[in-house]
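Student: There's a structure below that I have some questions on.
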Amino acid sequence: MTICYVLECIHCRSFLCPITGQMENSTQVVSFVLAMYGNIGHLKYLYFTLALLFYLSVIFANTVLIVIIYLDRNLHEPMYLFLCSLFVNEIYGSTSLLPCLMVQILSETHEISAISCFLQIFNIHTYVAVEFGTLTIMAYDRYVCICKPLHYNAILTKQIVQKVILVIWIVSFIEVGVLLSFTIRIKRCRAVINKVFCAHHLVVELSCSSDRTVSLIHDLVFGLVFTVAGPVCYISFTYVRILSVCLKASKETKMKAFETCTPHLVSLISFVFACFYSLVTQRFDLLSVPYPLCVVLSMYVVIIQPLLNPIMYGLKLSKIRHYETEILWG
């Protein structure tokens with residue numbers, strides 16, 4: 001039996017065979033360097049504090065609304081159950097990046113293990129998939145509520161809502177898991193990622209091969225068509241139908257539609273912008289964008305979005321706002 005000893009360098013492992021005395025031709029990258037952090041010096045303590053405050057704010061804001069929806073039986077309606085799933089996903093998405101970000105800010109090497117990197121990619125991509133899936137079903141909920149109010153309770157029962165939420169999460173995890181299984185098997189010859197977190201496309205770019213088939217399939221078929229284009233097209237269709245109904249409806253119906261649809265539209269536009277910006281910056285060098293702004297925008301999807309949604313829905317929806325007022329003022 002041939003016994004090989006493992007020699008470890010900073011970012012890769014090579015195998016030395018004692019029989020031949022030669023290095024085996026099977027270099028394997030076991031860690032990556034996140035190069036976008038640069039040399040931040042003593043400012044790292046400021047950035048760490050800001051990241052910690054953002055993370056605690058995200059957890060607090062989303063948890064408060066989840067507890068409110070759970071405690072108030074008047075909020076056990078389809079729209080608020082979907083919102084509850086959305087708020088859970090915001091905590092999940094923020095947790096996929098911010099704890100690691102805080103560790104890397106204080107790190108001297110900004111090195112991340114391959115396993116942690118792939119786990120981060122999996123978490124971020126499932127967060128995006130669940131977010132788009134939830135926003136899509138929420139658009140359908142608003143469509144049925146406004147365009148078919150008499151059939152609303154029959155179409156969207158509590159059992160159906162729970163099953164839909166479960167399906168969105170399961171399908172998202174399976175989809176990203178299958179795609180990532182192909183990426184993990186790719187042989188990588190480089191270890192530097194020019195970003196503050198692990199991004200699927202940039203990890204694929206570290207491949208020893210020039211073949212980018214897996215990356216193209218992920219970006220075009222699953223990333224663009226199924227995760228983004230499909231939901232956005234369907235949501236656009238539902239809002240066209242809602243608008244056509246509102247033009248002929250009473251003032252009360254218009255006000256109800258405006259109250260419930262505005263935060264959803266703002267959330268959707270914000271999220272699409274964040275995903276589009278991330279998609280562009282991973283493929284093109286935007287030298288005109290200032291470095292600090294580039295870093296913040298690259299993390300927009302998992303920092304600003306998770307804080308934006310609970311603030312908007314908490315302030316805009318009258319039922320949630322009423323419960324918050326009761327808690328604060330007794």
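Student: Report Rg(Cα)/(2.2 N^0.38 Å) for the range 88-175, keeping two decimals.
Tutor: Details: Rg = 18.0 Å, N = 88, 2.2 N^0.38 = 12.1 Å.
So the range 88-175 has a normalised radius of gyration of 1.49.
Student: Hey, another quick one. Amide H of Ser31: which non-local residues (sequence gap of 5 or more, or other chain) have their own amide H closer than 5 Å, using H built in the peptide plane?
Tutor: When sequence neighbours closer than 5 places are left aside, the close amide H contacts are Ala114.
Student: Residue by residue, what Karplus-based ³J(HN,Hα) values in Hz, rounded to whole numbers, does the range 87-93 have, using 6.51, -1.76 and 1.60 with θ = phi - 60° and x for Gly and Pro?
Tutor: Here the 3J(HN,Hα) series is 5, 4, 5, 5, 5, 4, x Hz.
Student: I'm checking a number: the convex hull volume of the Cα atoms of the range 130-193, normalised per residue, in Å³. What is it?
Tutor: Here the figure is 89 Å³ per residue.
Student: Give, as a single signed number, the net charge of other residues whose beta carbon lies under 12 Å from the beta carbon of Asn309, with Lys and Arg counted +1 and Asp and Glu -1. Could you put the intermediate results ahead of the total?
Tutor: On the way: positive: Lys316; negative: Glu90, Glu131.
Computed value for this residue: -1.
Student: Can I ask one more? For the range 46-146, what is the convex hull volume of the alpha-carbon atoms per residue, in Å³?
Tutor: Convex hull of Cα atoms, per residue: 94 Å³.
Student: Now, a different point. Using only protein heavy atoms and a 1.4 Å probe, report how much of Ser270 is accessible, in Å² to the nearest 10.
Tutor: Estimated to the nearest 10 Å², Ser270 gives 10 Å².
The values are calculated or read from the model by the stated rules, or taken from the named source; none is laboratory data. Everything quoted here is computed from the prediction, not taken from an experiment. Glycine also receives a Cβ, built like all others from the backbone with ideal geometry; neighbour counts cover every protein chain displayed. With ligands, DNA and RNA removed, areas are computed over all heavy atoms of the protein, side chains included. Shrake-Rupley method; radii C 1.70, N 1.55, O 1.52, S 1.80 Å.
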